[in-house]
Amino acid sequence: GRFMVINNGWHGFKPTKQVEAIGKWLQQVGMGNLRVGAMHIRNKELNVFDSIANPGLILNGHNHHIANQNPSLLNNKPIQYIVNSVRDNMEFNLFRVDGKTGNYQPVGGPTAQVVYVENPEDSKSPELYKPKLTLTYANANDGSHTTNTATIVNKFDFPIEHAKVRFVLPKGKKYAVSTGIVIQEFDGNSFHIVDMTVNIDANSTTKINIKAN
(Lines give C-alpha, C1' and ligand atoms only; values in the text may rest on other atoms or scores of the structure.)
Protein backbone atom coordinates (compact mmCIF):
# COMPACT_ATOMS: atom_id res chain seq x y z
CA GLY A 1 0.00 0.00 0.00
CA ARG A 2 1.00 3.59 -0.63
CA PHE A 3 -0.56 6.32 1.51
CA MET A 4 -0.38 9.89 0.23
CA VAL A 5 -1.70 12.91 2.13
CA ILE A 6 -2.18 16.30 0.46
CA ASN A 7 -2.91 19.52 2.32
CA ASN A 8 -5.36 21.38 0.08
CA GLY A 9 -7.36 22.94 2.89
CA TRP A 10 -5.02 25.57 4.34
CA HIS A 11 -3.70 28.74 2.77
CA GLY A 12 0.03 28.78 2.17
CA PHE A 13 0.30 25.15 1.08
CA LYS A 14 0.57 24.43 -2.62
CA PRO A 15 -0.93 21.05 -3.58
CA THR A 16 0.83 21.12 -6.95
CA LYS A 17 4.23 20.93 -5.27
CA GLN A 18 3.02 18.19 -2.97
CA VAL A 19 1.76 16.19 -5.95
CA GLU A 20 5.13 16.61 -7.66
CA ALA A 21 6.82 15.28 -4.52
CA ILE A 22 4.42 12.32 -4.45
CA GLY A 23 5.31 11.49 -8.04
CA LYS A 24 9.02 11.44 -7.23
CA TRP A 25 8.40 9.35 -4.12
CA LEU A 26 6.40 6.76 -6.06
CA GLN A 27 9.21 6.48 -8.58
CA GLN A 28 11.58 5.67 -5.72
CA VAL A 29 9.44 3.23 -3.72
CA GLY A 30 7.27 1.72 -6.45
CA MET A 31 3.53 1.94 -7.05
CA GLY A 32 2.44 -0.86 -4.70
CA ASN A 33 -0.89 -2.60 -5.22
CA LEU A 34 -3.18 0.01 -3.59
CA ARG A 35 -2.62 3.75 -3.57
CA VAL A 36 -4.69 5.69 -1.04
CA GLY A 37 -4.94 9.47 -1.18
CA ALA A 38 -6.21 11.68 1.63
CA MET A 39 -6.95 15.39 1.46
CA HIS A 40 -9.36 17.99 2.76
CA ILE A 41 -11.43 18.90 -0.31
CA ARG A 42 -12.55 16.60 -3.11
CA ASN A 43 -12.22 17.41 -6.82
CA LYS A 44 -9.83 20.27 -6.18
CA GLU A 45 -6.61 19.96 -8.14
CA LEU A 46 -6.98 16.19 -8.09
CA ASN A 47 -6.81 15.51 -11.81
CA VAL A 48 -3.03 15.97 -11.83
CA PHE A 49 -2.76 13.81 -8.72
CA ASP A 50 -4.83 11.14 -10.46
CA SER A 51 -2.64 11.22 -13.55
CA ILE A 52 0.55 10.86 -11.49
CA ALA A 53 -0.50 8.46 -8.72
CA ASN A 54 -3.49 6.64 -10.25
CA PRO A 55 -5.05 6.17 -6.78
CA GLY A 56 -7.53 3.40 -6.10
CA LEU A 57 -9.10 5.07 -3.07
CA ILE A 58 -9.36 8.69 -1.96
CA LEU A 59 -10.57 9.87 1.46
CA ASN A 60 -11.84 13.43 1.75
CA GLY A 61 -13.24 15.60 4.49
CA HIS A 62 -14.76 19.09 4.47
CA ASN A 63 -18.35 18.32 3.41
CA HIS A 64 -18.95 15.61 6.00
CA HIS A 65 -22.74 15.89 5.71
CA ILE A 66 -22.73 14.43 2.18
CA ALA A 67 -20.96 11.19 3.11
CA ASN A 68 -24.22 9.36 2.44
CA GLN A 69 -23.63 10.09 -1.28
CA ASN A 70 -20.36 8.08 -1.37
CA PRO A 71 -18.59 7.34 -3.61
CA SER A 72 -18.08 10.30 -5.91
CA LEU A 73 -16.27 10.25 -9.22
CA LEU A 74 -12.77 11.28 -10.13
CA ASN A 75 -12.19 11.03 -13.87
CA ASN A 76 -15.21 8.69 -14.04
CA LYS A 77 -13.79 6.40 -11.34
CA PRO A 78 -16.01 5.94 -8.23
CA ILE A 79 -13.14 6.10 -5.75
CA GLN A 80 -13.74 9.20 -3.60
CA TYR A 81 -15.28 8.75 -0.16
CA ILE A 82 -16.25 11.58 2.17
CA VAL A 83 -15.16 10.72 5.69
CA ASN A 84 -17.65 11.64 8.40
CA SER A 85 -15.77 13.41 11.18
CA VAL A 86 -15.91 11.60 14.52
CA ARG A 87 -16.24 15.05 16.04
CA ASP A 88 -19.71 15.54 14.57
CA ASN A 89 -20.77 12.02 13.58
CA MET A 90 -20.46 8.74 15.44
CA GLU A 91 -19.19 7.00 12.32
CA PHE A 92 -16.13 5.38 10.84
CA ASN A 93 -15.50 4.75 7.15
CA LEU A 94 -14.52 1.10 6.91
CA PHE A 95 -13.08 -0.90 4.02
CA ARG A 96 -12.05 -4.54 3.76
CA VAL A 97 -8.76 -4.73 1.85
CA ASP A 98 -7.16 -7.77 0.27
CA GLY A 99 -3.50 -7.30 1.11
CA LYS A 100 -2.33 -9.51 -1.74
CA THR A 101 -4.26 -7.84 -4.55
CA GLY A 102 -4.99 -4.36 -3.19
CA ASN A 103 -8.67 -4.76 -4.02
CA TYR A 104 -11.10 -3.38 -1.44
CA GLN A 105 -14.79 -3.34 -0.64
CA PRO A 106 -16.65 -0.84 1.54
CA VAL A 107 -17.93 -2.39 4.78
CA GLY A 108 -21.43 -1.87 6.10
CA GLY A 109 -22.88 -0.69 2.77
CA PRO A 110 -21.80 1.08 -0.43
CA THR A 111 -21.06 4.40 1.33
CA ALA A 112 -18.61 2.76 3.80
CA GLN A 113 -20.31 4.53 6.72
CA VAL A 114 -20.49 2.57 9.97
CA VAL A 115 -21.93 3.90 13.23
CA TYR A 116 -19.55 2.57 15.87
CA VAL A 117 -21.68 2.95 19.01
CA GLU A 118 -25.13 1.75 19.95
CA ASN A 119 -26.17 5.16 21.26
CA PRO A 120 -25.10 7.91 18.83
CA GLU A 121 -27.60 10.23 20.49
CA ASP A 122 -25.09 10.51 23.37
CA SER A 123 -22.32 11.82 21.14
CA LYS A 124 -21.53 14.67 23.56
CA SER A 125 -21.04 12.29 26.51
CA PRO A 126 -18.12 9.92 25.86
CA GLU A 127 -18.57 8.29 29.27
CA LEU A 128 -21.92 6.93 28.03
CA TYR A 129 -20.61 5.39 24.79
CA LYS A 130 -21.62 1.78 24.16
CA PRO A 131 -19.18 0.42 21.55
CA LYS A 132 -20.58 -2.07 19.06
CA LEU A 133 -17.39 -4.12 19.32
CA THR A 134 -15.87 -5.09 22.66
CA LEU A 135 -13.14 -7.42 23.90
CA THR A 136 -13.07 -8.41 27.59
CA TYR A 137 -11.05 -10.93 29.59
CA ALA A 138 -12.37 -13.10 32.41
CA ASN A 139 -9.07 -12.73 34.29
CA ALA A 140 -6.59 -9.89 34.29
CA ASN A 141 -4.57 -10.25 31.07
CA ASP A 142 -1.34 -9.35 32.82
CA GLY A 143 0.67 -12.56 32.92
CA SER A 144 -0.56 -13.71 36.32
CA HIS A 145 -3.03 -16.40 35.16
CA THR A 146 -2.44 -19.69 33.35
CA THR A 147 -6.06 -19.76 32.16
CA ASN A 148 -8.21 -17.04 30.67
CA THR A 149 -11.25 -16.42 28.50
CA ALA A 150 -11.47 -13.63 25.96
CA THR A 151 -15.01 -12.62 25.00
CA ILE A 152 -15.63 -10.65 21.82
CA VAL A 153 -19.08 -9.14 21.38
CA ASN A 154 -19.80 -7.95 17.85
CA LYS A 155 -23.00 -5.94 17.43
CA PHE A 156 -22.20 -4.91 13.87
CA ASP A 157 -24.28 -6.32 11.03
CA PHE A 158 -21.17 -7.64 9.30
CA PRO A 159 -18.54 -10.25 10.22
CA ILE A 160 -15.01 -9.40 11.26
CA GLU A 161 -12.39 -11.64 9.71
CA HIS A 162 -9.09 -12.45 11.40
CA ALA A 163 -9.78 -10.45 14.56
CA LYS A 164 -6.58 -10.35 16.61
CA VAL A 165 -6.42 -11.32 20.28
CA ARG A 166 -3.36 -11.32 22.54
CA PHE A 167 -3.01 -13.35 25.73
CA VAL A 168 -0.33 -12.46 28.30
CA LEU A 169 0.51 -15.53 30.38
CA PRO A 170 3.09 -16.92 32.82
CA LYS A 171 6.27 -18.28 31.30
CA GLY A 172 7.39 -21.88 31.46
CA LYS A 173 4.24 -23.57 30.15
CA LYS A 174 2.65 -24.58 26.88
CA TYR A 175 -0.83 -23.31 26.10
CA ALA A 176 -3.78 -24.35 23.96
CA VAL A 177 -6.70 -22.29 22.69
CA SER A 178 -10.27 -23.51 22.21
CA THR A 179 -10.85 -21.81 18.87
CA GLY A 180 -9.09 -19.62 16.33
CA ILE A 181 -5.57 -19.82 14.94
CA VAL A 182 -2.37 -19.07 16.87
CA ILE A 183 -0.19 -16.90 14.62
CA GLN A 184 2.74 -16.55 17.00
CA GLU A 185 3.79 -17.24 20.56
CA PHE A 186 6.99 -16.39 22.35
CA ASP A 187 8.61 -15.73 25.70
CA GLY A 188 9.27 -12.13 26.57
CA ASN A 189 11.44 -11.01 29.49
CA SER A 190 8.70 -11.66 32.03
CA PHE A 191 5.72 -13.27 30.29
CA HIS A 192 4.65 -15.72 27.61
CA ILE A 193 2.72 -14.14 24.74
CA VAL A 194 0.16 -15.86 22.55
CA ASP A 195 -1.18 -13.93 19.54
CA MET A 196 -4.07 -15.41 17.63
CA THR A 197 -6.80 -14.60 15.14
CA VAL A 198 -10.42 -15.63 15.07
CA ASN A 199 -13.28 -15.00 12.65
CA ILE A 200 -16.21 -13.19 14.26
CA ASP A 201 -19.75 -13.55 12.92
CA ALA A 202 -22.11 -10.60 12.59
CA ASN A 203 -24.21 -9.90 15.69
CA SER A 204 -22.46 -12.55 17.74
CA THR A 205 -20.60 -13.35 20.93
CA THR A 206 -17.39 -15.37 20.64
CA LYS A 207 -15.46 -16.86 23.56
CA ILE A 208 -11.83 -17.99 23.30
CA ASN A 209 -10.50 -20.10 26.13
CA ILE A 210 -6.81 -20.59 26.76
CA LYS A 211 -5.18 -22.84 29.32
CA ALA A 212 -1.88 -24.46 30.10
CA ASN A 213 -1.44 -28.00 28.84
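Output the residues belonging to region 26-49 that are of a type in the set (D, E, K, R) and part of a strand (DSSP E or B).
Step one: list which residues in region 26-49 are of a type in the set (D, E, K, R), which gives 35, 42, 44-45.
35 - this is the single residue of region 26-49 that is of a type in the set (D, E, K, R) and part of a strand (DSSP E or B).
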Sole residue being open to solvent by less than 20 Å² (accessible area, probe 1.4 Å) and β-branched (Val, Ile, Thr), chosen from 36, 97:
36
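Going by the conditions given, is residue 52 among the hydrophobic types (A, V, I, L, M, F, W, C), assigned to a loop (DSSP other than H, G, I, E, B) and open to solvent by less than 70 Å² (accessible area, probe 1.4 Å)?
Details: among the hydrophobic types (A, V, I, L, M, F, W, C): yes; assigned to a loop (DSSP other than H, G, I, E, B): no; open to solvent by less than 70 Å² (accessible area, probe 1.4 Å): yes.
For residue 52, the condition - among the hydrophobic types (A, V, I, L, M, F, W, C), assigned to a loop (DSSP other than H, G, I, E, B) and open to solvent by less than 70 Å² (accessible area, probe 1.4 Å) - is not met.
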Among (1) without any contact (Cβ under 8 Å) to a residue 60 or more places away in the chain; (2) open to solvent by 50 Å² or more (accessible area, probe 1.4 Å), there is one condition residue 30 misses while meeting the rest; what is its number?
(2)
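The values are calculated or read from the model by the stated rules, or taken from the named source; none is laboratory data. As the structure is a computational prediction, the values presented were derived from the model and not from experiment. Quick reminder, even Gly has a Cβ in these numbers, built from the backbone with ideal geometry, and neighbours come from all protein chains shown. Side chains included, ligands, DNA and RNA excluded: accessible areas come from the protein's heavy atoms. Shrake-Rupley method; radii C 1.70, N 1.55, O 1.52, S 1.80 Å.
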